[in-house]
1. Give me the pairs, please: first residue somewhere in segment 36-65 and within 26 Å of F195 (Cα to Cα), second residue anywhere and away from the ligand (no atom under 16 Å from the Cβ) and of a type outside the set (A, V, I, L, M, F, W, C), beta-carbon distance under 6 Å, and either six or more positions apart or on two chains.
2. So for segment 178-199 (the condition being modelled with pLDDT under 95 and closer than 23 Å to G113 by Cα), does at least one residue qualify?
3. Just give me the residues in segment 195-254 being of a type in the set (K, R), farther than 22 Å from E160 by Cα and away from the ligand (no atom under 15 Å from the Cβ), in sequence order.
4. Can you find, within segment 170-193, the residue that is farthest from the ligand (Cβ to nearest atom) among those that are buried (at least 22 other Cβ atoms within 10 Å of the Cβ) and under 19 Å from L67 (Cβ atoms)?
5. Name the strands (runs of 3 or more DSSP E) wholly within segment 52-144 that hold at least 1 residues that are β-branched (V, I, T)?
6. Which condition from (1) assigned to a helix (DSSP H, G or I); (2) closer than 19 Å to L171 by Cα is the one that E264 breaks?
7. Between a residue in segment 1-23 that is under 14 Å from F197 (Cα atoms) and within 16 Å of the ligand (Cβ to nearest atom) and any residue that is among the aromatic types (F, W, Y) and in a strand (DSSP E or B), which pairs come within a Cβ distance under 7 Å, given they are 6 or more apart or on different chains?
Amino acid sequence: MKLCFNEGTTMENSTLALDLEFAEKYGYDFIEIRMRKMRAYIGERSLKELVAFFEKNRIKPYAFNTLEYVTFRDVADYKKIKEDLVFLCETGSKIGCHYTVVVPSFDVTYTRGRIKEETVSVLKDLSDVAEKYDMNLAFEFVGYPNCSVNTLEQAYEIVETVNRKNVGLVLDCFHFYAMHSRIETLKHISPDKIFIFHINDTNDFPVGALRDHHRVWPGDGVIDLDQILSTLKGIGYDRMASIEVFNQDYYELPPEKAIRVGKEKMTTVLRKHFSIPSE
Ligand code: ZN
């Protein structure tokens, strides 16, 4: 299993330049780049410098985060989403990044059928754009009651219906746990359709109460990560695991410490089930 650092883990206390430096130093294989941090990097430095960094170093870019709230948008907002996608595709083709995380909208009161219809249609449309650049779309359900797609069951049904080679899933342990997605569902998913695996943990809250800031380091919370990891192993998934935590207390840490501790925590949990090549 390859190890990846998601920049959400240092969202408020670091920059892309620092995340790259320390993720390389601590032996991560990949980084998931937040769009805001990348725009800041390109503004202050240049895209050329980013290309040169990846040419010189072992760590490679894996995915961009995030095209947010892509469904049920008005014409102007949807145009902006497509412009952002083209920006990520063009940048991705220069630095060798071939995945973009895509998140559905919140606070829309439609039936499941209507949500499925809209989400399938939007993902197909974005997939047409992405395909020209060899970009893949990783659709991430969010385990909040007010997210239009909030369980693995619902997300997988949508991705199966889209039925495109460049559209797959993000499986995020926090979102999986938060709205009680079923492990049985995961057992029947094709490993090729899991494009990204976000690893994290959370404190013990009731269904529907969890929010991103409740995330903690893998192994420090109540999610049955062993069950998720053994199921992933059982279906033949061993592509990558990416640490993604949005904890306000961790934002107080120096970024180097957060990046080092994140690697230690994820490695401890993962190595019970997978070999970690970078060790
Ligand atoms: Zn995630």
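The values are calculated or read from the model by the stated rules, or taken from the named source; none is laboratory data. Worth saying up front: this structure is predicted, and the values here are computed from it rather than measured. Using ideal geometry, Cβ is built from the backbone for each residue, glycine included, and neighbour counts are taken over all protein chains shown.
1. V51/K94; N57/E24; I59/E24; I59/Y28
2. Looking only at segment 178-199, we keep the residues that are modelled with pLDDT under 95, and these are none.
No.
3. To start, the set of residues in segment 195-254 that are of a type in the set (K, R) comprises 211, 215, 233, 239.
Now restrict to residues that are farther than 22 Å from E160 by Cα: 211, 215.
The answer is none; no residue qualifies.
4. Among those that are buried (at least 22 other Cβ atoms within 10 Å of the Cβ) and under 19 Å from L67 (Cβ atoms), it is L171.
5. Numbers: elements: 60-67, 99-102, 136-140.
The qualifying strands (runs of 3 or more DSSP E) are 60-67, 99-102.
6. (2)
7. C4/F30; C4/Y62
A quick yes/no check of all residues on (1) of a type in the set (S, T, Y); (2) more than 26 Å from N136 (Cβ to Cβ):
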position	(1), (2)
Y156	yes, no
H180	no, yes
P206	no, yes
R211	no, yes
Q227	no, yes
S242	yes, no
L253	no, yes
I259	no, no
